[in-house]
């Protein structure tokens with residue numbers, strides 16, 4: 001069972017029901033659950049969207065797009081049915097927050113889905129979980145069935161004349177399906193390859209109908225925004241970055257875990273105080289701030305860094321999915337870069353050639369390099385390859401592979417050079433790197 | 001296809017599939033979960049599984065294969081009764097996933113995608129399974145085991161051997 005952690009600096013909004021037995025619907029109601037949905041039913045769509053806009057809640061999947069604004073893009077009139085699609089394909093390495101949401105607070109996901117549906121005028125919501133999360137899908141399905149039994153879902157929810165249905169869906173192993181257009185393809189029973197944009201899903205989405213796609217954490221946050229009011233939620237965070245966020249802190253820290261902290265919380269403090277510092281009293285070498293696709297940061301760069309979308313962006317990286325991966329001084333950054341790119345090579349769907357070929361060549365180059373068979377020119381070639389993948393693909397997977405690679409080469413060039421000319425890796429432990 | 005006609009699936013699964021294809025705006029939306037649930041019961045996506053699913057949804061077998069080959073959890077040959085999936089992605093790697101993976105290889109005497117001779121275990125090195133804060137982590141079929149060290153390996157395998165024995169003696 002995933003361990004729950006706690007720290008006095010945490011501000012528990014989304015995680016406040018974790019460990020409280022809230023997967024049980026009666027317990028959830030006892031803890032104030034489903035009040036937000038009732039409030040939204042009474043207030044109507046314009047009010048919901050205004051509250052969401054004033055909350056400054058931004059998408060927790062990684063892109064950080066303002067949620068209220070996204071909802072407002074859905075046309076009011078539509079010949080085709082509209083849909084809400086909850087993205088629970090959580091697959092970004094370093095990220096395990098949705099895991100806890102599904103485990104401890106499934107009804108918050110249901111509530112958020114209904115509220116999103118009310119806001120855009122959809123009658124159906126889909127909750128898509130990655131295939132590996134079967135035990136969590138079982139919890140979600142039980143929660144949905146319980147909500148139907150209480151009349152919170154179905155025709156005439158909460159005694160109103162509004163209909164809302166929820167369908168849960170299992171994936172079957174694919175990182176790419178976490179990209180919104182690939183997610184829709186998968187839900188339509190196809191290979192998870194991305195669609196060209198525009199049109200955006202808000203106009204032409206699932207089954208061709210207008211669709212709002214939100215990350216599971218975003219959706220689970222919605223009922224809390226409604227309960228406390230958009231302005232109060234915004235006030236917890238930093239400017240234009242409302243509220244709190246579930247940060248998955250992993251790697252070489254004393255107390256890894258999912259911590260809920262206000263947006264803009266200092267990264268150094270997050271590592272040294274909240275997560276207990278570097279394991280075994282070692283020294284910090286690098287931090288990947290927002291899941292494996294975000295460029296690496298050096299210790300000097302995190303001193304004054306507040307963890308919100310704007311500040312991390314300004315520091316040359318991204319807040320991404322909030323997966324903070326902490327790396328100590330005993331780690332070979334070439335091996336780390338190789339393991340990162342191996343993942344993207346494995347997960348590239350092959351639709352766009354720069355990504356399919358680029359990830360493969362990067363992996364080959366880095367494999368050879370780490371094994372001590374690199375040549376000086378390889379370092380520049382790796383950089384050249386990565387630069388030429390950027391912005392040349394339908395979806396951001398190509399960028400997600402290229403960006404961290406560029407970061408590793410730029411910030412750890414010396415470590416790459418140390419591997420040259422058959423020198424053994426100073427950190428090498430494994431003769432052969434695993435090829436997934 | 002209705003479940004009363006010939007089906008290679010159990011009556012329960014056949015009934016579940018009957019309901020599943022009707023649940024969505026289009027039948028084909030049931031495809032990905034159906035493939036996974038079929039694999040859970042049959043063990044892998046055999047030709048017969050592909051044929052029946054194609055028939056149930058009303059698409060060609062080629063369409064089904066085209067989709068099935070995309071998803072990493074779907075397989076076309078049997079795995080062990082207990083499929084051990086060791087995550088070696090960054091968060092797990094930093095906390096010793098390769099040592100763990102090596103120990104599993106040694107104890108089971110198989111490598112990536114290998115199956116033990118008795119068919120009880122198979123081993124896979126997998127990508128991130130969403131347990132990064134409790135690393136290193138593995139999945140045995142759908143069960144998570146986290147916060148592991150190589151010392152845990154023997155015990156985990158024994159647990160599943162015991163489970164298989166208990167199931168065997170019940171029959």
**OP:** Give just the number: which of (1) under 24 Å from residue B:151 (Cα atoms); (2) not assigned by TED's automatic domain parsing to the domain that holds residue B:147 does residue B:34 not satisfy?
**Re:** (1)
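Given the criteria within 14 Å of another protein chain (Cβ to nearest Cβ) and farther than 30 Å from residue A:194 by Cβ, does residue A:283 qualify? Before the answer, list the steps.
Numbers: within 14 Å of another protein chain (Cβ to nearest Cβ): no; farther than 30 Å from residue A:194 by Cβ: yes.
Considered against the rule, which asks whether it is within 14 Å of another protein chain (Cβ to nearest Cβ) and farther than 30 Å from residue A:194 by Cβ, residue A:283 comes out as no.
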**OP:** Being surrounded by 22 or more Cβ atoms within 10 Å (Cβ to Cβ) and assigned to a strand (DSSP E or B) is the filter; apply it to the range A:152-168 and report the residue that is nearest to the other protein chains (Cβ to nearest Cβ).
**Re:** A:168
Subject >> Exclusive hit being surrounded by fewer than 19 Cβ atoms within 10 Å (Cβ to Cβ), touching a helix residue (DSSP H, G or I) at 6+ places or on another chain (Cβ under 9 Å) and either on the phi > 0 side of the Ramachandran plot or within 14 Å of chain A (Cβ to nearest Cβ) (or both), set B:95, B:65 >> reply: B:65
**OP:** Tell me which residues, restricted to the range A:275-302, are closer than 30 Å to residue A:19 by Cα and either in contact with a helix residue (DSSP H, G or I) (Cβ under 8 Å, 6 or more places away or on another chain) or crowded, with 24+ Cβ neighbours inside 10 Å (or both).
**Re:** A:275, A:277, A:278, A:287, A:288, A:289, A:290, A:291, A:292
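Table: residues versus (1) at pLDDT 95 or above; (2) farther than 23 Å from residue B:126 by Cβ; (3) in a helix (DSSP H, G or I).
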residue: A:342; (1), (2), (3): yes, no, yes
residue: A:345; (1), (2), (3): yes, no, yes
residue: A:359; (1), (2), (3): yes, no, yes
residue: A:362; (1), (2), (3): yes, no, yes
residue: A:369; (1), (2), (3): no, yes, yes
residue: A:372; (1), (2), (3): no, yes, no
residue: A:377; (1), (2), (3): no, yes, yes
residue: A:381; (1), (2), (3): no, yes, yes
Original post:
Among strands (runs of 3 or more DSSP E) lying entirely in the range A:229-292, which contain 2 or more residues that are closer than 30 Å to residue A:39 by Cβ?
Top reply: A:244-251, A:257-262
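Of these, A:326, A:375, which one is within 28 Å of residue A:280 (Cα to Cα) and either in the same structural domain as residue A:258 (by TED's automatic domain parsing) or in contact (Cβ under 8 Å) with a residue 12 or more places away in the chain (or both)? Please lay out each step first, then the result.
Numbers: A:375 fails: within 28 Å of residue A:280 (Cα to Cα).
Just a single option satisfies the conditions, and that option is A:326.
In this structure, does residue A:114 turn out to be at pLDDT 95 or above, surrounded by 24 or more Cβ atoms within 10 Å (Cβ to Cβ) and more than 15 Å from the chain's Cα centre (by Cα)? Can you show your working first?
Numbers: at pLDDT 95 or above: yes; surrounded by 24 or more Cβ atoms within 10 Å (Cβ to Cβ): yes; more than 15 Å from the chain's Cα centre (by Cα): yes.
It is true that residue A:114 is at pLDDT 95 or above, surrounded by 24 or more Cβ atoms within 10 Å (Cβ to Cβ) and more than 15 Å from the chain's Cα centre (by Cα).
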**OP:** Could you grab me the full set of residues in the range A:303-339 that are in contact with a helix residue (DSSP H, G or I) (Cβ under 6 Å, 6 or more places away or on another chain) and over 24 Å from residue A:259 (Cα atoms)?
**Re:** A:333, A:334, A:335, A:337, A:338, A:339
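Give me the residue from the range B:111-150 that is assigned to a strand (DSSP E or B) and farther than 21 Å from residue A:92 by Cβ and, out of that set, nearest to the other protein chains (Cβ to nearest Cβ).
Step by step, filter the range B:111-150, then rank; the result is B:143.
One line per residue, one yes/no per condition, for (1) free of Cβ contacts under 8 Å to residues at least 60 places away in the same chain; (2) within 14 Å of chain B (Cβ to nearest Cβ); (3) more than 28 Å from residue A:257 (Cβ to Cβ):
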| position | (1), (2), (3) |
| --- | --- |
| A:96 | no, yes, no |
| A:114 | no, no, yes |
| A:126 | no, yes, yes |
| A:131 | yes, yes, no |
| A:146 | no, no, yes |
| A:171 | no, yes, no |
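Is it true that some residue in the range A:321-335 is closer than 23 Å to residue A:240 by Cβ, in a loop (DSSP other than H, G, I, E, B) and within 14 Å of chain B (Cβ to nearest Cβ)? If you could, list the steps in order and put the result at the bottom.
Going through the range A:321-335, the residues closer than 23 Å to residue A:240 by Cβ turn out to be A:321-324.
Still in the list and also in a loop (DSSP other than H, G, I, E, B): A:321-322.
Still in the list and also within 14 Å of chain B (Cβ to nearest Cβ): A:321-322.
Taking every residue of the range A:321-335 in turn, at least one turns out to be closer than 23 Å to residue A:240 by Cβ, in a loop (DSSP other than H, G, I, E, B) and within 14 Å of chain B (Cβ to nearest Cβ).
What residue, of A:349, A:355, is under 21 Å from residue A:193 (Cβ atoms), surrounded by 18 or more Cβ atoms within 10 Å (Cβ to Cβ) and either within 13 Å of chain B (Cβ to nearest Cβ) or out of contact with any helix residue (DSSP H, G or I) (no Cβ under 6 Å at 6 or more places or on another chain) (or both)? Working first, answer last.
Numbers: A:355 fails: either within 13 Å of chain B (Cβ to nearest Cβ) or out of contact with any helix residue (DSSP H, G or I) (no Cβ under 6 Å at 6 or more places or on another chain) (or both).
When all the criteria are applied, what remains is A:349.
More than 7 Å from chain A (Cβ to nearest Cβ), surrounded by fewer than 17 Cβ atoms within 10 Å (Cβ to Cβ) and under 30 Å from residue B:148 (Cβ atoms): is that true of residue B:40 in this structure? Write out each step before concluding.
Working: more than 7 Å from chain A (Cβ to nearest Cβ): yes; surrounded by fewer than 17 Cβ atoms within 10 Å (Cβ to Cβ): yes; under 30 Å from residue B:148 (Cβ atoms): yes.
Here the answer is yes, as residue B:40 does meet what is asked.
Report yes if residue A:59 is buried (at least 17 other Cβ atoms within 10 Å of the Cβ), farther than 24 Å from residue A:135 by Cβ and modelled with pLDDT of 95 or more, otherwise no. Walk me through how you get there before you give the answer.
Details: buried (at least 17 other Cβ atoms within 10 Å of the Cβ): yes; farther than 24 Å from residue A:135 by Cβ: yes; modelled with pLDDT of 95 or more: yes.
Yes, satisfied.
The values are calculated or read from the model by the stated rules, or taken from the named source; none is laboratory data. Because the structure is a prediction, the values reported are computed rather than measured. Quick reminder, even Gly has a Cβ in these numbers, built from the backbone with ideal geometry, and neighbours come from all protein chains shown.
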